[in-house]
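Here, each number is a calculation from the coordinates, and none is a lab measurement. Quick caveat: nothing in here was measured; it's all calculated off a predicted structure. We place every Cβ from the backbone using ideal geometry, glycine too, and count neighbours over all the protein chains shown.
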Ligand SMILES: [Zn+2]
């Protein structure tokens with residue numbers, strides 16, 4: 001029985017193989033070094049960048065998430081406020097884009113690794129004691 005669920009692993013930015021190690025060097029999204037990734041998992045030593053420039057593809061995931069966010073905010077604003085002016089739309093959507101850009105960028109890299117990394121979860125590595 002896995003100790004860490006898939007949802008917990010993805011939202012926590014954890015390694016897809018052991019679900020213990022972390023993809024990013026710094027956990028805080030507010031750090032200026034939010035984008036610094038580890039080269040290998042600190043728990044199971046999985047190499048995260050599976051091939052050169054592997055995470056370039058994460059930009060497509062980021063783009064899709066951002067389009068979904070902007071579309072949802074425009075529709076939500078329209079539904080909740082009737083048909084406000086363009087200034088109202090922009091004053092709501094632009095701050096949200098700025099605030100959520102870092103979480104979306106990090107989330108897209110984690111999602112891309114889980115979707116296209118083809119790394120299988122190994123429950124024997126999902127322990128607190130370190131690699132088996
Ligand atoms: Zn790992």
With a ≥ b ≥ c taken as the square roots of the eigenvalues of the C-alpha gyration tensor of the chain, please select rounded if a/c is under 1.5 and otherwise prolate if a/b is larger than b/c or oblate if it is not? prolate
Can you give the extra length, in nm with one decimal, that the chain gains between residue 128 and residue 90 once fully stretched, where that is 0.36 nm per residue apart less the Cα-Cα distance? 9.0 nm
Could you work out the relative contact order of the range 6-125? I mean the mean sequence separation of Cα pairs under 8 Å and 6+ apart, divided by the number of residues, in percent. 34
Burial ordering of 88, 61, fewest other beta-carbon atoms within 10 Å first: 88, 61
Neighbouring Cβ atoms within 10 Å as the yardstick, rank 63, 121 fewest first. 63, 121
If one takes the longest principal axis of the Cα atoms in the chain, at what angle in degrees, from 0 to 90 and to the nearest 10, does the Cα axis of helix 86-116 lie? 20
Helix 58-81 axis, angle to the chain major axis (alpha carbon atoms, nearest 10°): 40
Among 18-26, 39-47, 94-102, what's the highest-first ranking by average C-beta atoms within 10 angstrom per residue? 18-26, 39-47, 94-102
Please find, in a Gaussian network model of the chain (springs between Cα atoms separated by less than 10 Å), the residue of 76, 12, 117 whose mean-square fluctuation is greatest. 76
Is it possible to state the helix-based mean residue ellipticity at 222 nm for the chain, with each DSSP H run of 4+ residues giving -39500 (n - 2.57), the sum divided by total residues, to the nearest 500 deg cm²/dmol? What is it? -16000 deg cm²/dmol
Return the single residue from 17, 38, 106 with maximal mean-square fluctuation; model: Gaussian network over the chain, springs between Cα atoms under 10 Å. 38
